[in-house]
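For reference, the structure is listed below as structure tokens.
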Amino acid sequence: MGDLKVQVDHEGPFFYPDVMVTCDKRDDDAVCIIQYPCTIVAVLSPSTEAYDRGRKFEQYRRIATLREYILIDSQKAGVECFRRSATAENIWLLQF
């Protein structure tokens, strides 16, 4: 990922996810900013876990194209996948 960041909306904020996927043609020529991700992955650490689960996820939910937010817990060897409901835009379903 390097210096590639995701932009929540046209004024920011910006974040540097561990991994992100975009399938949107509008991101084809992106050099350092992805604006239309469909999946974002965060590897949790003890120092960032609360922020990744809380405020950062709150911001990510504002991205209209985002469909999945995946949290990887390296300490417990666990994965959680939050998926936006296909029937209700503001409902996120958790899958383990």
Enumeration of residues in the stretch 1-49 that are under 18 Å from G78 (Cβ atoms), within 15 Å of the chain's Cα centre (by Cα) and loosely packed, with under 12 Cβ neighbours inside 10 Å
none
Within the stretch 63-77, the residues that are basic (K, R) and at pLDDT 95 or above are R67
Have a look at E80, E89 and point out the one that is over 9 Å from the mean Cα position of the chain (by Cα) and loosely packed, with under 14 Cβ neighbours inside 10 Å.
E89
Within the set of pairs 6 or more residues apart or between chains, which connect a residue that is more than 18 Å from D9 (Cα to Cα) inside the stretch 43-72 to a residue that is surrounded by fewer than 16 Cβ atoms within 10 Å (Cβ to Cβ) and of a type in the set (G, A, S) with Cβ atoms less than 8 Å apart?
V43/S74; L44/S74; S45/S74; I72/G78
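Please state which one of R26, R67 is touching a Lys or Arg at 6+ places or on another chain (Cβ under 9 Å) and among the basic types (K, R). First the steps, then the outcome.
Details: R26 fails: touching a Lys or Arg at 6+ places or on another chain (Cβ under 9 Å).
After ruling out the rest, the residue left standing is R67.
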Among (1) within 14 Å of the chain's Cα centre (by Cα); (2) exposed (fewer than 10 other Cβ atoms within 10 Å of the Cβ), there is one condition F96 misses while meeting the rest; what is its number?
(1)
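The values are calculated or read from the model by the stated rules, or taken from the named source; none is laboratory data. Please read all numbers here as calculations on a predicted model, not as lab measurements. Reconstructed Cβ throughout: ideal geometry from the backbone, glycine too, with neighbour counts over all protein chains shown.
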